[in-house]
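Data block below; observations after.
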Amino acid sequence: MRKLIEGVGKLGLELGARQVEQFELYYQELVAWNRKFNLTSITDYPEVEVKHFLDSLTVALALTEDELEGLSSIVDIGAGAGFPGVPLKILLGSPRLVLVESITKKTTFLQHLVFELGLDDVEVVRGRSEDVAHSQLYREQFALAVSRAVAALPSLVELALPFCRVGGKFVALKKGDIGQEVAAADSAITTLGGRLNQVKKIAMEEFNDERYLVILDKISPTGERYPRCSSMVKRRPL
């Protein structure tokens, strides 16, 4: 995990021996399960270190040092194989983590992974985000919502902001030229009780492409009708 350790150092953070062991085990489990289930196309050891683990941990750049230390809860929307939620849990330790994923084979892997890594206060929820977000167990309950490679930002905002409590943040991990995508999400952000904080470019030599954090603040409650059903979210973004 040399590349990961060095990259985390550039984020101003540090991994202890136990955390490095957990990331090593995460890699081994990911590759083993990927032989049965198609969890990721990236399985090369150095690439997983950078493109999955380090990429996930760049979310720390969206928060101040005090916010990181006091972070109480995280929800990962469309968690897939656990990125970015599980790496953040390994790094931070204490926050409650809820992983929302609709595909059974992926939730099965996540449940196994959480057990093998010995992670406490982690819940895997199988269901569509637009349905789970209406449950009072999860609606507006989280200090931080995160999501990676799930949907275009106008739709993703509708899926994620209902999970954020007022005063919380939503961080979307994005790649490429995202200017138009961010502009197109302006109406959805406002309608759902959010405000654009910043679009932060990840300037690290470890990444050979353009990566960004789109950081939203939750400034007012989300209307009860949102998120709408999946077909509406996809076909008619706000």
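Structure values in brief
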| item | result |
| --- | --- |
| Test: residue in segment 33-48 that is of a type in the set (Lys, Arg), under 19 Å from Val146 (Cα atoms) and outside any helix (DSSP H, G or I) | no |
| Criterion (touching a residue at least 24 places away in the same chain (Cβ under 8 Å) and at positive phi) met by exactly one of Gly223, Gly193 | Gly193 |
| Scope segment 93-151; condition within 13 Å of the chain's Cα centre (by Cα) and assigned to a loop (DSSP other than H, G, I, E, B); matching residues | Ala149, Val150, Ala151 |
| Answer residue from segment 49-66, given it is modelled with pLDDT under 95 and not in a loop (DSSP other than H, G, I, E, B) and is surrounded by the fewest Cβ atoms within 10 Å (Cβ to Cβ) among those | Asp66 |
| Number of the condition not met by Arg165 [criteria: (1) in contact with a Phe, Trp or Tyr (Cβ under 8 Å, 6 or more places away or on another chain); (2) on the phi > 0 side of the Ramachandran plot] | (2) |
| Tabulated pairs, segment 55-79, first in contact (Cβ under 8 Å) with a residue 60 or more places away in the chain and closer than 17 Å to Asn197 by Cα, second polar (S, T, N, Q) and surrounded by fewer than 22 Cβ atoms within 10 Å (Cβ to Cβ), C-beta under 9 angstrom, 6+ apart or interchain | Ala62/Asn197; Ala62/Gln198 |
| Filter pass, Val157 being assigned to a helix (DSSP H, G or I) and β-branched (Val, Ile, Thr) | yes |
| Test for Gly7: is it buried (at least 16 other Cβ atoms within 10 Å of the Cβ) and small (Gly, Ala, Ser) | yes |
| Criterion violated by Gly223 - all others in (1) modelled with pLDDT of 95 or more; (2) assigned to a loop (DSSP other than H, G, I, E, B); (3) surrounded by 15 or more Cβ atoms within 10 Å (Cβ to Cβ) satisfied | (3) |
| Residue within segment 111-132 that is of a type in the set (Ser, Thr, Tyr) and farther than 13 Å from Ala79 by Cα present | no |
| Among (1) surrounded by fewer than 22 Cβ atoms within 10 Å (Cβ to Cβ); (2) farther than 27 Å from Leu11 by Cα - the single one Asp217 does not satisfy | (2) |
| Among the candidates Asp44, Asp120, residue that is of a type in the set (Asp, Glu), out of contact with any Asp or Glu (no Cβ under 9 Å at 6 or more places or on another chain) and within 23 Å of Arg165 (Cβ to Cβ) | Asp120 |
| Residues being over 26 Å from Leu71 (Cα atoms), among the charged types (D, E, K, R) and exposed (fewer than 14 other Cβ atoms within 10 Å of the Cβ) - total across segment 167-214 | 4 |
| Among residues of segment 67-113, those that are surrounded by fewer than 24 Cβ atoms within 10 Å (Cβ to Cβ) and of a type in the set (D, E, K, R), counted | 5 |
| Considering residues of segment 196-238 that are over 22 Å from Gln141 (Cα atoms) and small (Gly, Ala, Ser) only, the residue nearest to the chain's Cα centre (by Cα) | Ala203 |
| Count - residues of segment 10-32 that are among the β-branched types (Val, Ile, Thr) and either outside any helix (DSSP H, G or I) or surrounded by 16 or more Cβ atoms within 10 Å (Cβ to Cβ) (or both) | 1 |
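The values are calculated or read from the model by the stated rules, or taken from the named source; none is laboratory data. Quick caveat: nothing in here was measured; it's all calculated off a predicted structure. Cβ coordinates were reconstructed from backbone atoms using ideal geometry, including for glycine residues, and neighbour counts include every protein chain displayed.
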